1. Pull out the extension gain between residue 39 and residue 228, defined as 0.36 nm times the separation in residues minus the alpha carbon to alpha carbon distance; nm, one decimal.
2. Taking only the alpha-carbon atoms of region 280-429, what semi-axes of the equivalent ellipsoid follow from 5 times the gyration tensor eigenvalues under a square root, in whole Å, largest first?
3. If packing is taken as the average number of other Cβ atoms within 10 Å across a peptide's residues, how do 334-343, 164-173, 412-421 rank, most packed first?
4. Students often get this wrong, so check it: of 227/403; 296/403; 323/378, which have C-alpha atoms separated by over 28 Å?
5. Hand me the tally of lysine pairs in region 30-173: alpha carbons under 16 angstrom apart, and the pair either on different chains or 8 or more positions apart.
Amino acid sequence: MSVSFYKISGMRSATLKWIVLIGCMVIAIMVGIQLYWLNHVYKLEQKQFRTNVIKSIRGLFEDIDISDQPSGHLQQLIATQPDPNTFIIKTDIIPSKDTLIFYITNELVDFDVMTECIVAAYDKNKQHYVYREQIVSPAMQSRYDINSLSVYPANHNYIALFFPDRNKYVLSQMNFWIVGSIILILVLSGLAISLFYFYKQKFLVEIQKDFVNNFTHEFKTPLAVMKIASEVLSQPGITKQPERMEKYTSIIKHETEHLQSQVERLLKIAVSEQQEFPLEKNAFSVKELIEQAVSKLQPLMESKSAKVDVRLKDDDVEMMADKNHLELAVVNLIENGIKYSDSPNIVIEAGKTDAESFIAVKDNGIGIDKKYYRNIFKKFYRVPTGDVHNVKGFGLGLNFVKKIVDAHNGRIVVNSIPGIGTEFKIIIPS
């Protein structure tokens, strides 16, 4: 049974494919877990920072007399918190600037809050800060203007503590986690890329291996036939049997032409992979192109008793394109129609509108299921052919046809019914 190279390769590498897929999924899960824990640690560090600030505030209440009824609960020491960076401490007495700065600095240092802090004292009678002061961290250079500190109107005195670099400080406490996570993610990403690259290379190796096997099979039979025919022709009495000699001579000629055709096709494919098609567009008769394409397939048509019906809407239909390349595309389509049918009946239609020209090749072959449409123009792809066992080829024909159509900025439309036949319609802009 003739099957596609992709299908063969998929069967051979199914286990590897699942291993790579599962490996990539595991890596993705590990990366996700690492990012989750990194976010969790960040939230814990934020919580720890707030707790340390509140502990410093409680220590401040113990150091100096700023409230008639100091609270014993940490959370109750904070009157309000407008944002995560700002702490408002309700006080009955506004201490002196030097006293406040001295004790709050010591408390922050004792509880490892080593980041810049803006301290301000709000007087409820004056409705503004009576003083502001900046406590600079030796680890971080200050860039904040203390005069820009927001005033939060209140009917009580308070001390405001503002930490402009809180997020930066929290992240600095996570350096080990961040660096470790980045390294792990890079390693896991590199492993995932390596697995994908390995699978891709393995897949390409299998594709190439299948191609070589098919190439060998395609060339082996003609060469064997030519060898047998040449041995017959080398027999001493062959000249006395002109009919037999003509028969085997024609066999050698036919097989030689077949091999030459296959080699030329491979060479054209190789050239098309290296550069764009050097199109030479000229106006030509579509009828003439079709006749030339059909004549090139005459031996194959005779061997399969194929019938070709050419239907032109107008005998003098002309097309502006690269005739040689387009002819090769039509040859490929007709050849496929002949090969994939027991009693080939090919219908070729052509026509033209103001905007487009088209050539359609219909056959009565085995047809193509819709699920294969998106793959049939891929290189080396061959559609599973059911009960047809003797159809040979490289899976390059339709790929080459598609390249020719694309080079003309055209499109190719496929319509097929399994068991009924297939139509390929080449549409080229006028």
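1. Working: separation 189, 0.36 × 189 = 68.04 nm, distance 7.64 nm.
Between residue 39 and residue 228, full extension yields an extra 60.4 nm.
2. 24, 17, 14
3. On the way: 334-343: 19.6, 164-173: 17.8, 412-421: 15.1.
Sorting 334-343, 164-173, 412-421 by mean packing, highest first, produces 334-343, 164-173, 412-421.
4. Values: 227/403 36 Å; 296/403 21 Å; 323/378 24 Å.
Where the Cα-Cα span goes over 28 Å, the pairs concerned are 227/403.
5. On the way: 43/168; 47/55; 47/168; 55/90; 90/124; 90/126.
The number of close lysine pairs in region 30-173 is 6.
Here, each number is a calculation from the coordinates, and none is a lab measurement. Model, not experiment: these values are computed from the prediction. As a convention, Cβ positions derive from the backbone with ideal geometry for all residues, glycine included, and neighbour counts pool all protein chains shown.
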